[in-house]
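For reference, the structure is listed below as structure tokens.
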Amino acid sequence: MTTLNKLYKLSRQIALSLVREEDPKELKETDLFEQKYKDYIFENINDPEKRRQRQLLSQQINKKRAWKNVQKAIGVTKPPIWKYAAAAVIVLGTLFYFAQHDSINKIETTIVSGKPVIAPGTDKAILVLGNGKTIILGNGNSYKGNGVTANDKSVTYSDNSVAIEYNYLTIPRAGQFSLLLADGTKVRLNSETQLKFPNHFIDGKPRFVELVYGEAYFEVSPSSVHKGSHFNVKTKGQNVEVLGTQFNIKAYKDEENLITTLKEGKVVIDYAAKKEQLSPGEQSVVSVMASSLRIAPANLDRELAWLNGQFVFDNLTLKDIVKVLSRWYDVEFIIKDETIKNEKFKGQFSKNQNLEVILELIKTTNQIKSYEIKEKTVIFR
């Protein structure tokens, strides 16, 4: 076995250990590296920020060309350079394993050729105006009129003097879209989401929108430029009062909790006669069934991964993972074996790849024996 193949095999073993949340014993036991190089590898594959940066970088580089450069690098004769180049191979190999991009490192899959491929979601939405007019957005469609301009990826409102009407923007399963409200607030909407909002606001009066269901990320135009008018987001009996900030709200119909995550600024959560202020890096967790509200530290990389085109599953059960995948790929999941529903998984994946690639990686953990795809239904056995 060539040195390069040994390095790739080791990177795959390390990646599987991380998915299973096990200590990467293969790294500790290998004789390819001295301890200082092992420490270098361990630091780079475990640091959350470095993982996120590598994932973003992986979308911009040519994997085949990059791998050829690594092959050349490990062919140099100076031992210190070779060792660090080889350590870089492990880090890159682990990334490639998770990202599952087309390269010589792509893991073997058992997907039968000729079967339908379940492709990822796209930019699409349905806009319903106050007068009842329905506009289908995405797929090359555009619209302009009454202060509204829309293209393939976003819809923009401009402030005007027309009467206030409430519009609905609905994102179907396997969809996503962006919205610029008339006050300058930016909203990004995830799949299976609906937002109710006015076609314009009146400065000096409170600004209200309603997240009917789903997930949305807000970059709010500050109250200081709107005569002090606060921005409010209502959803499931909760009100989020905002002064000017960036935050995410997740309020899916099939989720037990309503989660608001603050990235920047300040918000006040009002639920069941209880008010709590969030600081950056915190999130509120509302249990609708128990009518309770608690504040907890937020994992921003995980909660906001969808904005960067990523799935981040961090100790997430299979039954919760399939909820996320079903929304983005518009498929149904059936878990035949009850014992695996609560099995936990850990991994980071690109949302731009076909569903089968993610299923194959989950399968390699050996916690899933097999799966079957029947049209738009995935069956785990």
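The values are calculated or read from the model by the stated rules, or taken from the named source; none is laboratory data. Just so it is clear, the model here is predicted, and its values are computed rather than measured. Note that we place each Cβ from the backbone using ideal geometry, even for glycine, and neighbour counts take in every protein chain shown. Note: areas computed on protein heavy atoms with side chains; ligands, DNA, RNA excluded. Shrake-Rupley method; radii C 1.70, N 1.55, O 1.52, S 1.80 Å.
Report whether or not E338 is of a type outside the set (A, V, I, L, M), free of Cβ contacts under 8 Å to residues at least 24 places away in the same chain and open to solvent by 10 Å² or more (accessible area, probe 1.4 Å).
Values: of a type outside the set (A, V, I, L, M): yes; free of Cβ contacts under 8 Å to residues at least 24 places away in the same chain: yes; open to solvent by 10 Å² or more (accessible area, probe 1.4 Å): yes.
Answer is yes for this residue.
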By residue number, the members of the range 154-191 that are open to solvent by 50 Å² or more (accessible area, probe 1.4 Å) and assigned to a loop (DSSP other than H, G, I, E, B) are S158, D159, S161, V162, A163, I164, E165, R173
Scanning the range 275-300 residue by residue, those touching a helix residue (DSSP H, G or I) at 6+ places or on another chain (Cβ under 9 Å) and open to solvent by less than 50 Å² (accessible area, probe 1.4 Å) turn out to be G281, Q283
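Conditions (1) within 22 Å of E255 (Cα to Cα); (2) in contact with a Lys or Arg (Cβ under 8 Å, 6 or more places away or on another chain); (3) at pLDDT below 90, marked per residue:
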residue: L307; (1), (2), (3): yes, yes, no
residue: N315; (1), (2), (3): yes, yes, yes
residue: E332; (1), (2), (3): yes, yes, no
residue: G347; (1), (2), (3): yes, no, yes
residue: K351; (1), (2), (3): yes, no, no
residue: T365; (1), (2), (3): no, yes, yes
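Does K374 satisfy the condition of being among the charged types (D, E, K, R), at pLDDT 90 or above and either under 15 Å from S326 (Cα atoms) or surrounded by fewer than 19 Cβ atoms within 10 Å (Cβ to Cβ) (or both)?
yes
In the range 193-207, what residues are open to solvent by 50 Å² or more (accessible area, probe 1.4 Å) and within 24 Å of E303 (Cα to Cα)?
Of the range 193-207, the ones open to solvent by 50 Å² or more (accessible area, probe 1.4 Å) are 196, 202-203, 205-206.
Correct list: K196 only.
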Checked the range 121-153 for anything farther than 19 Å from L181 by Cβ, in contact with a Phe, Trp or Tyr (Cβ under 8 Å, 6 or more places away or on another chain) and open to solvent by 40 Å² or more (accessible area, probe 1.4 Å); matches are K124
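I'd like the full set of residues that are of a type in the set (S, T, Y) and either open to solvent by 10 Å² or more (accessible area, probe 1.4 Å) or not in a loop (DSSP other than H, G, I, E, B) (or both), limited to the range 214-233.
Step one: list which residues in the range 214-233 are of a type in the set (S, T, Y), which gives 217, 221, 223-224, 229.
Result: Y217, S221, S223, S224.
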Those strands (runs of 3 or more DSSP E) completely within the range 290-381 that have 3 or more residues that are more than 12 Å from the chain's Cα centre (by Cα) and of a type in the set (V, I, T) are 377-380
Reported set for the range 234-274 where residues are open to solvent by 70 Å² or more (accessible area, probe 1.4 Å), of a type in the set (K, R) and assigned to a strand (DSSP E or B) is K234, K263, K274
